[in-house]
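A.B. asks: What follows is a single structure, and I will ask about it in a moment.
All of the numbers you see were taken from the coordinates with simple rules; none came from a lab. These figures come from a predicted structure and were not determined experimentally. For neighbour counting, all protein chains shown are included, and Cβ atoms are generated from backbone atoms with ideal geometry for every residue, glycine included.
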Amino acid sequence: MLKNGLKALIIIAAALLLHKTAFAVETVELPEEELAKESVLPVFDKSVSVKNRRVVTAKRWDGDVFYGMALTEPIYDVSKFGASLYYNFNENHAFGLMFAKYASGLSSYAKQLHDQYGLDYNRAPKPDMLLMGDYNLKVFYGKMSLTKSAVINTILYGSGALGMVKFQNKSYPAVAVGIGQKFFFTPQWALRFDLRLYANQAPIPFLSGKMTDGSSGSNPTTPPSYDDFDERLTYTTTLDIGLSYLF
């Protein structure tokens, strides 16, 4: 019992000593200029490389090849292949010509309607090609790094285009607005992504009593003339993915 009492006295004495020591720390005052501020600017080892543009587009030509797909087209094949050529007046404005050739087939939905109901949408006039003048307003130039050793330069831009869409029977005026982004993996080569909304007159591919070809148990009908199809204002959203070269 005496031994346990002695241990208790030692523990109490140690606690009192530590308590006294904890409150005996002197107040340390630091100079105001060494205190942390609310916000600080980042410090780079090579500030010049951060500020300089690696990709200079002013007074240069820009050639592109691309593949596009329509995101809101139920009947026709959604793909097209094209090329474009732009001239960059400065770091903010560019203008060019864009040409695309549409695929001649039908969508999977149209093929399903043919298999089930014998509706042949090959009888309707399909889009053939596209030719437009395209203006690009470059609104943001930036840099991004996916690894510690590689930096990708990016350009974000808005676009507005005016031109013609040619169907098998007729050509129609068309306008388009969109937004795009370029990712430069070298000072010349870049991946280009364009999301555009097109508006143009187009034939309505649905014509009652004229579209069945006799397959799937349907009664065959006389193929209509392209002039039999009515027209309406059509809106189409497209996504283009391309390869761009700056020269």
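A.B. asks: For Arg60, list long-range residues whose amide hydrogen, built 1.01 Å from N in the peptide plane, is under 5 Å from its own amide hydrogen.
C.D. replies: Answer set, sorted by chain and number: Asn88.
A.B. asks: For segment 58-246, what is the charge dipole size about the Cα centre, in debye to the nearest 20, if Lys and Arg each add +1 at the Cβ and Asp and Glu each add -1 at the Cβ?
C.D. replies: Around 720 debye, computed over segment 58-246.
A.B. asks: Quick one: Karplus J couplings for segment 164-179, per residue in order, coefficients 6.51, -1.76, 1.60, θ = phi - 60°, nearest Hz, x for Gly and Pro?
C.D. replies: Karplus-based 3J(HN,Hα) across segment 164-179 equals 9, 10, 9, 9, 5, 10, 6, 9, 10, x, 9, 10, 8, 10, x, 9 Hz.
A.B. asks: Now a separate question. If r is the Cβ-Cβ distance from Met164 to Ser208 and R0 is 30 Å, what FRET efficiency results, to the nearest 0.05?
C.D. replies: Given R0 = 30 Å and the Cβ-Cβ separation, E is 0.55.
A.B. asks: Spelling out what I want: for every residue of segment 83-97, take phi, set θ = phi - 60°, compute 6.51 cos²θ - 1.76 cosθ + 1.60 (Karplus), and round to whole Hz; glycine and proline get x.
C.D. replies: 9, 8, 9, 10, 10, 8, 5, 7, 7, 10, 10, 8, 9, x, 10
A.B. asks: Please compare each pair in Lys126/Lys210; Lys80/Lys143; Lys111/Lys170 to a cut-off of 27 Å on the Cα-Cα distance and tell me which ones are over it.
C.D. replies: Going by Cα-Cα distance, Lys80/Lys143 fall outside the 27 Å limit.
A.B. asks: Follow-up question, since we're still on this one. If R₀ is 35 angstrom, what is the calculated FRET efficiency for the pair Phe247 and Ser104, using the beta carbon separation as r and rounding to 0.05?
C.D. replies: 0.60
A.B. asks: While we're looking at this one, here's another question. Report D for segment 58-246 in µm² per second (integer): Stokes-Einstein, Kirkwood Rh on Cα pairs, 4 °C, 1.567 mPa s.
C.D. replies: On the way: Rh = 18.3 Å.
For the chosen part, D equals 71 µm²/s.
A.B. asks: For Met129, enumerate residues with amide H under 5 Å from its amide H, sequence gap 5+ or separate chain, H modeled in the peptide plane.
C.D. replies: Counting only residues 5 or more places away or on other chains, the set is Tyr102, Lys166.
A.B. asks: Please list 3J(HN,Hα) in residue order for segment 196-210, calculated via the Karplus relation 6.51 cos²θ - 1.76 cosθ + 1.60 where θ = phi - 60°; whole Hz, with x for glycine and proline.
C.D. replies: Per-residue couplings from phi come out as 10, 10, 9, 9, 6, 5, 7, x, 7, x, 9, 9, 4, x, 10 Hz.
A.B. asks: To the nearest 0.05, how large is the calculated FRET efficiency for Ala150 and His93 if R₀ is 30 Å and r is the Cβ-Cβ distance?
C.D. replies: According to the calculation, E is roughly 0.55.
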